[in-house]
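> Below: one structure in structure tokens.
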Amino acid sequence: MAFVTPSTTADKYDVIVVGSGAAGGQAAYTLTMDGAKVLMIEAGRNYDPRSETPMFNTPDQAPLRGGSTPEKPFGYFDATVGGGWTVPGEPYTNASKEPGREFKWWRARMLGGRTNHWARHALRNGPYDFKPRSRDGLGFDWPISYDDVAPYYDRVEMLIGVYGTNEGLENTPNSPEGVLLPPPKARIGELLGRQRGRGIGIPVIPAHRAVLSKALDYKTLPAKLHPGNAKAQRVLAEDMRNRAACFWATACGRGCAIRANYQSTTVHIPPALATGNLDILAGAMAREVTVDPSGKATGITYVDKKTGKEHHVSARVVVLAASACETVRILLNSKSAAFPDGLANSSGLVGKYIMDTVGASWGGHIPLLEDLPPHNEDGAGGDHVYTPWWLYKEQLAGKLGFARGYHVEFTTGKQMPQGYSTFAEDNGGKTLYGPRLKEDARRNYGSYVAFTGRGEMIPNKDSFCEIDPKVVDKWGIPVLRFNWKWSEHETRQVAHMQRTFADWISAMGCTSTNAPNKDGSRAIEPGGSIIHEVGGTIMGSDAKSSVTNSWSQSWDVKNIFVADGGVFASNADKNPTLTIMALAWRTADRILDEMRRGNI
Ligand SMILES: Cc1cc2nc3c(=O)[nH]c(=O)nc-3n(C[C@H](O)[C@H](O)[C@H](O)COP(=O)(O)OP(=O)(O)OC[C@H]3O[C@@H](n4cnc5c(N)ncnc54)[C@H](O)[C@@H]3O)c2cc1C
Ligand code: SF4
């Protein structure tokens, strides 16, 4: 089994997985390692990071010195191909154009999806994050707790490789001893941030990111991950040997040819293919899940993007892992006489309660960091430290005026300059040229620090997606229409972020007279722009108030499972992808059990 075409797919698979990102990759990995025959359907093209990553190209080798363009919003060398804020021929719409009501939707159309680019912040949700309603009466509790997911966090961290430390902080879980990889040293700006943060009561600890700070232990990890499964252990050991440790030299957003960071294409798909149990059908746009007269899913109808023709493949089980909103779209487009409002939608909640992460940032020039001797601060292509939410007690006591927390990510250092890098201090509006510009660049390079707040949004009735009744994509498939609204919980949280950043940056000695906008409703980034969208097929404890049960299994159609962030009943400040993978592994285990028992 390997890469297939519409004419070479098998007659029937055990499982079809739609999507190949964090969710689809993890589901396919777990299923195939345990012997299930899986077809992965991916709308984008095949992509191999080993041969396609421009790891060593310098900005002068790219148009506009690698700067951002509409086709490549994150710069010329960014790993994302065939996607971005707009995808040619695949529009989406917004119900309102009012400020603050629009949702931006980032999609990656390639094998591995957004994991080829993602920033690799890999944080566990904590115990509070699964039971938020029980703490403050808002949003929803999940039907599962941290203890249900913890063993899967352990497994995912061991498989993908995550650096970080155990600090024992509130609602910031430790991993078992030996699971995390050692973190890289903090950079100078990060050390200064930590020292000055301490002075104003803000903790700074090593970041958790999915980058191999040392090679994985291929001798012991496979047995821990696949006990009693000799074949899986052998396949994984062989694969882990082929993942090198990071050599701290390049921009991770381009992808990693040496497989030192987590991408579905560097971690999940190679061993899944090596089992011989995975077929991958790239360039295939899933249109709908088909059902038989008894209401059981029978497979997927898809459009072959090369020919524009429609085809059908069959399976015992369908796993939707197309990313939270695409999964909604597939379900709502799967209409039949038995399911006139779309599949798995007896609750009417498919598409409801979509969430993003709350975002705002601020930074400035720090004179103390000027004129540092030249040194290499490239590091692990992203931050080495972060600040977990630290005001749980004050918040619970009602002292903050908003309900949920945020963490802070750092940007500092002397990474490879881009065409648009900031070198010069504020020169009173004057443009610098010649020797003065060079002097300024040398003095100031590496003396900027930025804080990025990433906060929890509470699900609300005004944030949902639905099928646009008028617009279809280039294959005639109806597209999504978004509805969006932040609540005061989020805008007040952003106002708090901005006050914190202003205090912190001045504690670091920033002399700039610029101040962040402290009006949260203006400073908050638009919905969707943090690219952490989740919800839309939320899990719950009964069929009336949720789309899936605690195993991410549709209440209505027992052989449909959702593996992506659609099932999130809340969106903690922690970046979602580690939790997506932990839940996808748990769901895949459940599918294997249910298939063995003959229940599906
Ligand atoms: C710039 C950036 C930075 C990020 N940083 C972080 C971070 O630091 N930490 C973090 O936790 N998260 C981060 N994320 C988010 C992270 O990438 C996503 O949470 C994660 O990739 C979601 O996995 P997924 O499998 O659900 O979706 P995706 O990775 O988007 O994969 C979905 C796949 O399904 C395919 N697909 C969609 N529709 C269909 C269809 N109809 N038929 C067939 N295939 C289909 C897509 O082409 C895609 O390949 C970041 C994202 C971006 C873009
Ligand atoms: S910094 Fe390390 S993990 Fe990131 S792309 Fe370079 S080698 Fe790979």
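> If you check D34, D48, D14, D78, which single one turns out to be in contact with a strand residue (DSSP E or B) (Cβ under 8 Å, 6 or more places away or on another chain) and within 26 Å of D564 (Cα to Cα)? Can you show your working first?
Values: D34 fails: in contact with a strand residue (DSSP E or B) (Cβ under 8 Å, 6 or more places away or on another chain); D48 fails: in contact with a strand residue (DSSP E or B) (Cβ under 8 Å, 6 or more places away or on another chain); D78 fails: in contact with a strand residue (DSSP E or B) (Cβ under 8 Å, 6 or more places away or on another chain).
None of the other options fit; the residue is D14.
> Restricting to the stretch 269-288, what's the tally of residues that are near ligand 1 (Cβ under 10 Å from one of its atoms) and either on the phi < 0 side of the Ramachandran plot or modelled with pLDDT under 95 (or both)?
Kept after step one, since they are near ligand 1 (Cβ under 10 Å from one of its atoms), are these residues of the stretch 269-288: 281-288.
From what's left, either on the phi < 0 side of the Ramachandran plot or modelled with pLDDT under 95 (or both): 281-282, 284-288.
Summing the residues that are near ligand 1 (Cβ under 10 Å from one of its atoms) and either on the phi < 0 side of the Ramachandran plot or modelled with pLDDT under 95 (or both) in the stretch 269-288 gives 7.
> Going by the structure shown, is R155 away from ligand 1 (no atom under 16 Å from the Cβ), under 21 Å from the mean Cα position of the chain (by Cα) and crowded, with 21+ Cβ neighbours inside 10 Å?
yes
> Would you be able to say whether some residue in the stretch 130-140 is within 22 Å of N571 (Cα to Cα), open to solvent by less than 10 Å² (accessible area, probe 1.4 Å) and in a helix (DSSP H, G or I)?
From the stretch 130-140, those within 22 Å of N571 (Cα to Cα) are 130-140; that's our starting set.
Filter once more, keeping what is open to solvent by less than 10 Å² (accessible area, probe 1.4 Å): 130, 132.
Filter once more, so that each one left must be in a helix (DSSP H, G or I): 130, 132.
Taking every residue of the stretch 130-140 in turn, at least one turns out to be within 22 Å of N571 (Cα to Cα), open to solvent by less than 10 Å² (accessible area, probe 1.4 Å) and in a helix (DSSP H, G or I).
> Go over the candidates T587, T579 one by one and state the one that is touching a Leu at 6+ places or on another chain (Cβ under 9 Å), assigned to a helix (DSSP H, G or I) and either open to solvent by 10 Å² or more (accessible area, probe 1.4 Å) or at negative phi (or both).
Details: T587 fails: touching a Leu at 6+ places or on another chain (Cβ under 9 Å).
None of the others qualify; the one that does is T579.
> Kindly indicate which of R287, R316, R234, R259 is assigned to a loop (DSSP other than H, G, I, E, B) and within 26 Å of L39 (Cβ to Cβ). Steps first, answer last, please.
Numbers: R287 fails: assigned to a loop (DSSP other than H, G, I, E, B); R316 fails: assigned to a loop (DSSP other than H, G, I, E, B); R234 fails: assigned to a loop (DSSP other than H, G, I, E, B).
Within the list R287, R316, R234, R259, the selection yields R259.
> Just name the residue that is farthest from R254 (Cα to Cα) out of those in the stretch 361-415 that are of a type in the set (S, T, Y), surrounded by fewer than 20 Cβ atoms within 10 Å (Cβ to Cβ) and more than 16 Å from ligand 2 (Cβ to nearest atom).
Among them, the one singled out is Y392.
> Within the stretch 170-202, work out how many residues are of a type in the set (A, V, I, L, M, F, W, C), open to solvent by 60 Å² or more (accessible area, probe 1.4 Å) and part of a helix (DSSP H, G or I). Show your work before the answer.
Initially, the stretch 170-202 is screened for residues of a type in the set (A, V, I, L, M, F, W, C), giving 179-181, 186, 188, 191-192, 200, 202.
Of the ones still in play, those that are also open to solvent by 60 Å² or more (accessible area, probe 1.4 Å) are 188, 191, 200.
Next cut, part of a helix (DSSP H, G or I) only: 188, 191.
Residues meeting the conditions: 2.
> While we're on this one: Scan the stretch 453-472 for residues that are closer than 26 Å to V358 by Cβ and open to solvent by 20 Å² or more (accessible area, probe 1.4 Å) and jot them down.
Correct list: R454, N460, K461, D462, F464, E466.
> Pairs, please: C-beta under 8 Å, at least 6 apart or cross-chain, first residue closer than 10 Å to D383 by Cβ and in the stretch 186-197, second among the charged types (D, E, K, R) and in a loop (DSSP other than H, G, I, E, B)?
From the stretch 186-197, the pairs are R187/E377; E190/D383.
> A follow-up question, please. Taking the stretch 139-168 only, how many residues are out of contact with any helix residue (DSSP H, G or I) (no Cβ under 7 Å at 6 or more places or on another chain) and of a type outside the set (D, E)?
Keep residues of the stretch 139-168 that are out of contact with any helix residue (DSSP H, G or I) (no Cβ under 7 Å at 6 or more places or on another chain), which gives 143, 147-148, 150-151, 154, 157, 161-168.
Still in the list and also of a type outside the set (D, E): 143, 150-151, 161-166, 168.
Final tally of qualifying residues: 10.
> When only residues in the stretch 473-484 that are more than 11 Å from A95 (Cα to Cα) and open to solvent by 30 Å² or more (accessible area, probe 1.4 Å) count, which is nearest to ligand 1 (Cβ to nearest atom)? Break it down stepwise before answering.
Initial filter on the stretch 473-484 (more than 11 Å from A95 (Cα to Cα)): 473-479.
Subset that is open to solvent by 30 Å² or more (accessible area, probe 1.4 Å): 474-476, 478.
Details: K474: 13, W475: 10, G476: 13, P478: 12 Å.
Among residues in the stretch 473-484 that are more than 11 Å from A95 (Cα to Cα) and open to solvent by 30 Å² or more (accessible area, probe 1.4 Å), the one nearest to ligand 1 (Cβ to nearest atom) is W475.
> Which condition number in (1) more than 16 Å from ligand 1 (Cβ to nearest atom); (2) surrounded by fewer than 21 Cβ atoms within 10 Å (Cβ to Cβ); (3) under 17 Å from F568 (Cβ atoms) is the one that R114 fails?
(1) is the only condition that R114 fails.
> Can you say whether P99 is assigned to a helix (DSSP H, G or I), away from ligand 1 (no atom under 16 Å from the Cβ) and farther than 19 Å from E456 by Cα, as far as the supplied structure shows?
Values: assigned to a helix (DSSP H, G or I): no; away from ligand 1 (no atom under 16 Å from the Cβ): yes; farther than 19 Å from E456 by Cα: yes.
Here the answer is no, as P99 does not meet what is asked.
> Name the residues in the stretch 18-48 that are part of a strand (DSSP E or B) and either out of contact with any helix residue (DSSP H, G or I) (no Cβ under 6 Å at 6 or more places or on another chain) or modelled with pLDDT under 95 (or both), would you?
Our first condition is that a residue be part of a strand (DSSP E or B); within the stretch 18-48, this holds for 18, 38-42, 45.
V18, L39, I41, E42, R45 - these are the residues of the stretch 18-48 that are part of a strand (DSSP E or B) and either out of contact with any helix residue (DSSP H, G or I) (no Cβ under 6 Å at 6 or more places or on another chain) or modelled with pLDDT under 95 (or both).
> Okay, moving on. Taking only the stretch 1-48 into account, find how many residues are within 16 Å of ligand 2 (Cβ to nearest atom) and buried (at least 24 other Cβ atoms within 10 Å of the Cβ).
Looking only at the stretch 1-48, we keep the residues that are within 16 Å of ligand 2 (Cβ to nearest atom), and these are 47-48.
Filter once more, so that each one left must be buried (at least 24 other Cβ atoms within 10 Å of the Cβ): 47.
The total comes to 1.
> On the basis of being away from ligand 2 (no atom under 16 Å from the Cβ), on the phi > 0 side of the Ramachandran plot and either open to solvent by less than 30 Å² (accessible area, probe 1.4 Å) or not in a loop (DSSP other than H, G, I, E, B) (or both), does G228 make the cut? Before you say what the answer is, go through the steps one by one.
On the way: away from ligand 2 (no atom under 16 Å from the Cβ): yes; on the phi > 0 side of the Ramachandran plot: yes; either open to solvent by less than 30 Å² (accessible area, probe 1.4 Å) or not in a loop (DSSP other than H, G, I, E, B) (or both): no.
No: the conditions fail for G228.
> Which residues, counting only those in the stretch 49-91, are part of a loop (DSSP other than H, G, I, E, B) and open to solvent by 100 Å² or more (accessible area, probe 1.4 Å)? Even if it seems obvious, please write down each step before you answer.
Looking only at the stretch 49-91, we keep the residues that are part of a loop (DSSP other than H, G, I, E, B), and these are 53-58, 62, 67-83, 85-91.
Result: F56, P70, E71, Y76, P88.
> Which strands (runs of 3 or more DSSP E) sit wholly inside the stretch 431-549 and have at least 2 residues that are touching a strand residue (DSSP E or B) at 6+ places or on another chain (Cβ under 6 Å), within 28 Å of Y386 (Cβ to Cβ) and not polar (S, T, N, Q)? Show your work before the answer.
Values: elements: 448-455, 464-472, 478-483, 534-536.
Result: 448-455, 534-536.
This table checks each residue for (1) within 30 Å of G509 (Cα to Cα); (2) out of contact with any Leu (no Cβ under 7 Å at 6 or more places or on another chain); (3) not small (G, A, S).
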site: V317; (1), (2), (3): no, yes, yes
site: R329; (1), (2), (3): no, no, yes
site: G348; (1), (2), (3): no, yes, no
site: A360; (1), (2), (3): yes, yes, no
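> Checking L216 against (1) open to solvent by 20 Å² or more (accessible area, probe 1.4 Å); (2) without any contact (Cβ under 8 Å) to a residue 60 or more places away in the chain; (3) not in a helix (DSSP H, G or I); (4) not hydroxyl-bearing (S, T, Y), which single condition isn't satisfied?
(1)
> Limited to the stretch 95-144, what total is found for residues that are touching a Cys at 6+ places or on another chain (Cβ under 8 Å) and of a type in the set (D, E, K, R)?
Within the stretch 95-144, the subset touching a Cys at 6+ places or on another chain (Cβ under 8 Å) is 103, 105, 119-120.
Keeping just the survivors that are of a type in the set (D, E, K, R) gives 120.
Of the residues in the stretch 95-144, 1 are touching a Cys at 6+ places or on another chain (Cβ under 8 Å) and of a type in the set (D, E, K, R).
> A further question follows. Filtering the stretch 485-534 down to residues that are acidic (D, E) and open to solvent by 30 Å² or more (accessible area, probe 1.4 Å), which residue is farthest from ligand 2 (Cβ to nearest atom)? Steps first, answer last, please.
The initial filter retains those residues of the stretch 485-534 that are acidic (D, E), namely 488, 490, 503, 519, 525, 533.
If we keep only those that are open to solvent by 30 Å² or more (accessible area, probe 1.4 Å) too, we end up with 488, 503, 519, 525.
Numbers: E488: 39, D503: 32, D519: 37, E525: 25 Å.
The qualifying residue farthest from ligand 2 (Cβ to nearest atom) is E488.
The values are calculated or read from the model by the stated rules, or taken from the named source; none is laboratory data. Remember, predicted model here, so these are calculated numbers, not experimental data. Reconstructed Cβ throughout: ideal geometry from the backbone, glycine too, with neighbour counts over all protein chains shown. Please note that ligands, DNA and RNA were not included when accessible areas were found on the heavy atoms of the full protein model with its side chains. Shrake-Rupley method; radii C 1.70, N 1.55, O 1.52, S 1.80 Å.
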